[in-house]
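The values are calculated or read from the model by the stated rules, or taken from the named source; none is laboratory data. Just so we're clear, the structure is a prediction, and the values are computed from it rather than from any experiment. Positions of Cβ are backbone-derived with ideal geometry, glycine not excepted, and every protein chain shown enters the neighbour counts.
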Amino acid sequence: MRFFRKKKKHFVGDGVNPEEILLDAHNLPAYNIWQLEGRMERPISARALVLVSGAYVVILLVFLARLFWLQVVAGDAYAAQSEENRLRYEPVFAERGVIYDRRGVELAWNVPNPRDVFAMRSYTATSGFAHVLGYVALPRRDARGVFHRARIEGIAGAEKIYDRQLAGSNGLKIVETNAVGAVQTEGVIVPPRSGTSMTLTIDARIQEQLFSFLRERAEEGGFRAGAGVIMDVRNGDLIALTNYPEYDPNALVRAENATAIRAFRDDPRKVFLNRAVRGLYTPGSVIKPFVALAALREGIIDPRKTIVSTGALVVPNPYDPAHPTVFKDWKAHGPVDMERALAVSSNVYFFEIGGGFGDQEGLGIARIEKYARLFGLAQSTGSVLDPEDYGVIPSPRWKEETFGDPTWRVGDTYNTSIGQYGFLVTPLQVVRAVAAIASEGSLVRPRLSLLERKEQRKLPFTPEQYQVVKRGMRRAVTEGTTRALDVPWVAVAGKTGTAEVGRKKEFMNSWVVGFFPYENPRYAFAVVMEKGPAGTLIGAPYVMYELLRWMKDGAPEYLAAE
């Protein structure tokens with residue numbers, strides 16, 4: 001029994017520990033103690049287990065609370081939002097109104113667009129209409145396919161002016177999609193309303209021809225640009241209003257040819273400028289008929305009185321008699337009365353009635369400005385095309401503000417009286433003023449649409465005063481500076497003007513204005529050719545002659561005297 005009984009071993013308290021067997025003090029085996037090599041494993045403490053378990057419980061409680069909020073508290077709201085996510089709203093684009101000329105010819109219309117849900121806008125291929133018609137900006141989508149511009153918007157010309165009428169109003173449709181975005185059903189909930197079509201006062205035939213003659217004269221005569229306007233003197237209808245050069249509205253709408261668009265933008269001739277409406281030009285001698293009417297109204301000269309032009313007006317210099325001031329005429333005309341002065345465009349005559357000389361009283365700059373503004377020069381015509389005052393009539397105040405010189409001299413008045421110095425007007429302003437002479441007193445508001453109401457105001461001149469000036473303008477065609485328009489098929493009254501431009505006066509602007517038929521005026525015109533070589537003899541009158549020649553066969557109804 002003792003054999004099988006085990007003998008108990010007793011260890012002394014200072015016996016050898018296991019660590020002393022496995023490791024020594026010097027870590028001779030070179031264990032990496034920072035990687036826990038050579039250390040005995042220890043069991044995880046109960047405290048650590050409690051902390052980790054508690055963290056998991058907290059996370060689970062937060063998750064359950066959020067789930068309760070989404071499913072129970074806010075369940076209805078999120079259910080509605082989920083339903084909305086399956087439905088989207090899209091615009092139903094309205095058909096834009098068509099633009100016609102006065103004879104019913106389509107100038108701007110809509111064409112199907114197979115690549116999108118809205119129609120493409122298209123414009124006549126005939127040149128000369130860009131500035132009148134303008135162009136539109138088409139709807140645009142963002143990267144997600146959502147329209148951030150959900151309408152066809154007029155940007156320039158008639159498209160912008162009449163945008164509200166032409167645009168109509170878009171409708172709305174609701175589209176149901178599945179989880180992957182595929183359309184399941186759709187339906188219109190608000191129908192679109194098409195835009196209203198517009199009929200312009202423009203005659204497309206005359207517009208096209210006037211533009212072609214402007215382009216021809218500019219390219220052959222070295223002019224940078226040109227503009228022309230023809231207006232009905234009775235109601236202000238703009239029969240033609242065009243500019244050379246111009247842009248292509250179709251290219252701008254489609255926005256596909258970046259090279260062409262960049263060429264329009266960078267063209268030094270400023271193709272986006274509507275010169276007929278906003279082009280500012282020194283009028284030169286085309287201002288003389290209005291100065292003549294002012295002189296008659298103020299009673300400063302009898303129209304039969306003659307003033308002698310020897311080729312220059314010499315103003316004595318009281319401070320240096322040996323050096324008088326000389327104001328040149330373009331040639332020596334001899335003795336001229338008012339009608340003859342208008343016909344030959346005598347500068348000396350208008351120097352004297354404008355600024356005075358010797359015993360001849362002058363209007364003075366204040367009255368010149370007064371009557372120029374009375375005819376609507378350098379201010380808004382009231383047309384939808386130019387809503388702001390625009391231009392310059394020289395005055396002492398203008399001179400001081402512009403040059404810092406408060407002294408107004410008689411020479412400044414002389415130059416202003418022949419349409420020089422700082423005088424700046426637009427072709428539309430000038431044609432409106434000429435129409436007032438032709439109609440003997442009706443200053444009408446230019447109209448671009450046949451729906452616009454007629455507006456006019458009467459000017460304070462007598463029929464006899466108008467007749468003097470009209471006879472002078474007729475003589476300018478039959479025997480004076482405007483003989484290029486002396487054609488047998490229609491009687492024209494007119495006036496030319498030449499304005500020197502450039503630092504060294506190396507360029508010129510050429511003007512011609514007037515009206516026809518002379519016996520019973522119906523239409524006034526103004527044509528300006530911009531910045532041609534100085535001394536060019538064939539300018540604006542040639543353009544108007546070519547148009548009248550074409551109208552003889554192409555549109556004879558405009559030339560008939562009623």
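Entry remark, the stretch 287-313: residues being exposed (fewer than 15 other Cβ atoms within 10 Å of the Cβ) and of a type in the set (Phe, Trp, Tyr) number 0 in total.
Only a single item in (1) touching a residue at least 12 places away in the same chain (Cβ under 8 Å); (2) surrounded by fewer than 21 Cβ atoms within 10 Å (Cβ to Cβ); (3) part of a helix (DSSP H, G or I) is not met by Glu159, and it is number (2). Between a first residue in the stretch 201-214 that is at pLDDT 95 or above and a second residue that is surrounded by fewer than 21 Cβ atoms within 10 Å (Cβ to Cβ) and of a type in the set (Val, Ile, Thr), which pairs have beta carbons less than 7 Å apart while being 6 or more apart in sequence or on different chains? Listed pairs, sorted by first residue: Ala204/Val105; Ala204/Thr126; Glu208/Thr126.
Residue-wise test of (1) within 24 Å of the chain's Cα centre (by Cα); (2) closer than 30 Å to Ala240 by Cα; (3) assigned by TED's automatic domain parsing to the domain that holds Asn235.
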| site | (1), (2), (3) |
| --- | --- |
| Ser383 | yes, yes, yes |
| Pro387 | yes, yes, yes |
| Tyr390 | yes, yes, yes |
| Ile393 | yes, yes, yes |
| Pro396 | no, no, yes |
| Lys399 | no, no, yes |
| Asp405 | no, no, yes |
| Thr413 | no, no, yes |
| Gly419 | no, yes, yes |
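Being touching a Ser or Thr at 6+ places or on another chain (Cβ under 8 Å), more than 30 Å from Gly480 (Cα to Cα) and of a type in the set (Lys, Arg) is a condition met by at least one residue of the stretch 190-204. Candidates in the stretch 269-286 are the residues that are over 11 Å from the mean Cα position of the chain (by Cα) and of a type in the set (A, V, I, L, M, F, W, C); of these, the one that is surrounded by the most Cβ atoms within 10 Å (Cβ to Cβ) is Val286. Do you know which of the residues in the stretch 529-551 that are part of a strand (DSSP E or B) and out of contact with any Leu (no Cβ under 8 Å at 6 or more places or on another chain) is modelled with the highest pLDDT? Filtering the stretch 529-551 for residues that are part of a strand (DSSP E or B) and out of contact with any Leu (no Cβ under 8 Å at 6 or more places or on another chain), the one modelled with the highest pLDDT comes out as Glu530.
To keep it simple, each residue is scored yes or no on (1) among the aliphatic types (A, V, I, L, M); (2) modelled with pLDDT of 95 or more.
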{"residue": "Ala225", "(1), (2)": "yes, yes"}
{"residue": "Ala240", "(1), (2)": "yes, yes"}
{"residue": "Asp248", "(1), (2)": "no, yes"}
{"residue": "Glu256", "(1), (2)": "no, no"}
{"residue": "Lys305", "(1), (2)": "no, yes"}
{"residue": "Pro316", "(1), (2)": "no, no"}
{"residue": "Asp320", "(1), (2)": "no, no"}
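The set of residues in the stretch 211-243 being among the small types (Gly, Ala, Ser) and touching a strand residue (DSSP E or B) at 6+ places or on another chain (Cβ under 8 Å) consists of Ala218, Gly221, Gly222, Ala225, Gly226, Ala227, Gly228, Gly236, Ala240. Listed by first and then second residue, the pairs with beta-carbon distance under 8 Å, at least 6 apart or on different chains, first residue in the stretch 443-467 and in contact (Cβ under 8 Å) with a residue 60 or more places away in the chain and of a type in the set (Lys, Arg), second surrounded by fewer than 20 Cβ atoms within 10 Å (Cβ to Cβ) and outside any loop (DSSP other than H, G, I, E, B), are Arg445/Gln456. Under the condition of being aliphatic (A, V, I, L, M) and within 21 Å of the chain's Cα centre (by Cα), the residues counted in the stretch 114-159 number 11. Residue count for the stretch 130-151, restricted to those that are among the aliphatic types (A, V, I, L, M) and touching a Gly at 6+ places or on another chain (Cβ under 9 Å): 5. The helices (runs of 4 or more DSSP H) found entirely in the stretch 223-326 that carry 3 or more residues being in the same structural domain as Val513 (by TED's automatic domain parsing) and closer than 25 Å to Leu342 by Cβ are 288-298.
The strands (runs of 3 or more DSSP E) found wholly in the stretch 417-528 and carrying at least 2 residues that are among the small types (Gly, Ala, Ser) and buried (at least 24 other Cβ atoms within 10 Å of the Cβ) occupy 493-501, 507-516.
Could you tell me which residue of the stretch 130-145 is farthest from Leu238 (Cα to Cα), considering only residues that are free of Cβ contacts under 8 Å to residues at least 40 places away in the same chain and in contact with a Phe, Trp or Tyr (Cβ under 9 Å, 6 or more places away or on another chain)? It comes out as Arg141.
Could you say whether any residue in the stretch 426-447 is at pLDDT below 95 and either closer than 24 Å to Arg278 by Cβ or not assigned by TED's automatic domain parsing to the domain that holds Asp163 (or both)? Yes.
Considering only residues in the stretch 336-379 that are without any contact (Cβ under 8 Å) to a residue 60 or more places away in the chain and among the aliphatic types (A, V, I, L, M), the one that is surrounded by the most Cβ atoms within 10 Å (Cβ to Cβ) turns out to be Val348. Scanning the stretch 221-236 for residues that are out of contact with any Pro (no Cβ under 7 Å at 6 or more places or on another chain) and surrounded by fewer than 24 Cβ atoms within 10 Å (Cβ to Cβ) gives Gly221, Arg224, Asp232, Arg234, Asn235. Just one of (1) buried (at least 23 other Cβ atoms within 10 Å of the Cβ); (2) more than 28 Å from the chain's Cα centre (by Cα); (3) among the aliphatic types (A, V, I, L, M) fails for Val175. It is (1).
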